[in-house]
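Report on the following structure.
The values are calculated or read from the model by the stated rules, or taken from the named source; none is laboratory data. Since the model is a prediction, treat every value here as computed from it, not as a measurement. Cβ sites come from the backbone with ideal geometry, for glycine too, and all protein chains shown count toward neighbours.
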Amino acid sequence: MAELNLLVRLKVPDTIAASAEMALTDLLAHDELLKLEREELWRFSGSFDPDELLRKLLDRTSRFVNPSKHAHRLVATLDGVKPFHQRDGKGELVLVTKLDDFAGRDALAYCRNTLGLSGVTAVEYGTLWTLWLAADAPTDAVEKMVDCSARRKGLLANPHAESYRVF
Amino acid sequence: MPTVAVLAFPGTNCEYESLRACRAVGLDAELVRWNEAEKLKNAAAFFLAGGFSFQDRVRAGAIAAKEAVLEQVARAADSGKPVLGICNGAQVLLESGLVPGLTEGHPIEAALDANSQGYLCRWTYLKVEQPERSPFTTAFEPGEVIPVPIAHAEGRFTTADPAILDKVEAGGQVTFRYVTADGSPADSYPDNPNGTLNAIAGMSNPAGNVLALMPHPERATWLRQLPKNLPGVWGERRRGFTTADDPDLAGPGRKLFLSLARHLGVN
């Protein structure tokens with residue numbers, strides 16, 4: 001079973017990340033958050049050569065990576081994933097995925113039916129957040145910002161629709 | 001006269017039609033921006049209008065739910081004042097924990113997640129359940145079926161805890177349910193347009209004074225707003241409607257606002 005983890009980020013300012021950062025710092029008073037960044041994860045599984053699949057995904061469609069506005073990178077496995085660049089602070093990565101992954105299922109159908117990539121048997125979609133924290137941030141700061149258990153608690157994952165994994 | 005505060009966040013786009021729907025039944029409705037909380041002091045009821053607050057960033061309704069003005073809305077809800085959220089307003093109410101509102105302190109107990117079919121803008125049929133339980137439905141007959149349009153990408157009621165759904169059903173909190181044009185259960189798309197659990201289109205809190213409703217009754221407040229190709233009695237009425245008729249003839253959604261007006265002693 002082969003795997004391709006494609007991480008996509010905007011070249012232009014990311015308004016989703018900016019608004020989430022505003023909500024966490026200004027509305028929920030998480031002063032320990034210095035910067036919030038976002039990448040989209042497309043995780044392809046199946047029987048394929050990863051390099052060949054990537055080439056086809058980049059050449060045949062702009063659905064996953066639109067070169068006019070996206071930059072991308074590959075990671076071999078998510079377990080060792082690091083921030084895409086360095087900046088001040090401590091970079092904590094959190095992957096948020098839907099409990100019902102309609103985007104992944106739509107992408108799978110697109111790969112197989114439209115692009116003819118029959119070797120792809122599963123596609124998962126998620127959002128990889130990088131939370132840049134102050135050095136003295138509390139140890140539970142990430143969970144408090146992610147786990148949206150109440151109006152004044154958390155934002156990035158509603159546990160009734162999403163799950164998350166801290167790396 | 002009691003005032004209905006129609007709340008608008010950045011990205012709300014249904015505030016003016018919401019104001020018109022309230023005023024059509026004699027309510028005194030005032031537009032209140034999210035950063036004008038001081039205007040809410042005298043509000044007798046709150047109406048979170050539809051649209052795309054904060055452009056649905058992160059999740060629909062998620063950021064608006066964190067705004068300070070929701071603190072006042074929550075206090076009003078707890079005091080028994082009517083609070084209505086339509087479409088994006090409904091998403092804000094769920095992200096605020098005000099609906100289903102089973103537990104004290106308003107933890108988030110559910111989500112309005114992505115539709116199974118993506119963004120949808122179409123007419124649906126709703127059955128009104130236990131209309132006596134909510135100040136927004138008392139003018140309806142039990143089991144009344146009405147056509148109301150939807151326009152959303154995230155309206156699929158879901159919860160990770162099946163016990164919550166059981167409590168919502170047992171408590172009679174489902175106020176509107178998607179059905180077929182003849183009122184039969186909507187088992188699948190397109191009658192259940194978004195794959196929502198138990199075909200739930202609108203849900204109240206246990207007390208009934210807070211209603212989160214995904215379809216847009218303000219877009220079905222006048223008969224002239226209906227398309228002529230609707231099946232059923234409302235379609236027949238619309239096809240018989242001419243420019244010589246009164247342009248203010250009521251559409252199927254008006255009873256929701258009429259219910260609120262009666263509750264507030266206006267109409």
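Across region A:10-50, what is the total count of residues that are crowded, with 20+ Cβ neighbours inside 10 Å, closer than 30 Å to A:SER118 by Cβ and touching a Lys or Arg at 6+ places or on another chain (Cβ under 8 Å)?
1
Can you tell me which residues in region A:148-167 are crowded, with 20+ Cβ neighbours inside 10 Å and part of a strand (DSSP E or B)?
Passing the criteria: A:ALA157, A:GLU162, A:TYR164.
Restrict the check to region B:78-99 and report whether at least one residue is at the interface with another protein chain (Cβ under 8 Å from one of its Cβ atoms) and on the phi > 0 side of the Ramachandran plot.
Yes, the conditions are met somewhere in region B:78-99.
Count, please, the residues in region B:198-220 that happen to be surrounded by 24 or more Cβ atoms within 10 Å (Cβ to Cβ) and either more than 13 Å from the chain's Cα centre (by Cα) or in a helix (DSSP H, G or I) (or both).
The number of residues fulfilling the criteria is 3.
Among the residues of region A:91-113, which ones are without any contact (Cβ under 8 Å) to a residue 24 or more places away in the chain and more than 14 Å from chain B (Cβ to nearest Cβ)?
The answer is A:LEU108, A:ARG112, A:ASN113.
Give the number of residues within region B:35-75 that are assigned to a helix (DSSP H, G or I), without any contact (Cβ under 8 Å) to a residue 40 or more places away in the chain and either buried (at least 21 other Cβ atoms within 10 Å of the Cβ) or within 10 Å of chain A (Cβ to nearest Cβ) (or both).
5
Just checking, does region A:122-136 include any residue being surrounded by 15 or more Cβ atoms within 10 Å (Cβ to Cβ), within 25 Å of A:GLY46 (Cβ to Cβ) and at the interface with another protein chain (Cβ under 10 Å from one of its Cβ atoms)?
yes
Can you pull out the residues in region B:248-266 that are in a helix (DSSP H, G or I) and in contact with a strand residue (DSSP E or B) (Cβ under 7 Å, 6 or more places away or on another chain)?
Hit for region B:248-266 is B:LEU260, nothing else.
Right, A:ASP147: within 13 Å of chain B (Cβ to nearest Cβ) and either under 25 Å from A:PHE84 (Cα atoms) or among the hydroxyl-bearing types (Ser, Thr, Tyr) (or both) or not?
yes
Please tell me if B:ALA244 is modelled with pLDDT of 95 or more and either within 14 Å of B:LEU126 (Cα to Cα) or over 15 Å from the mean Cα position of the chain (by Cα) (or both).
It is false that B:ALA244 is modelled with pLDDT of 95 or more and either within 14 Å of B:LEU126 (Cα to Cα) or over 15 Å from the mean Cα position of the chain (by Cα) (or both).
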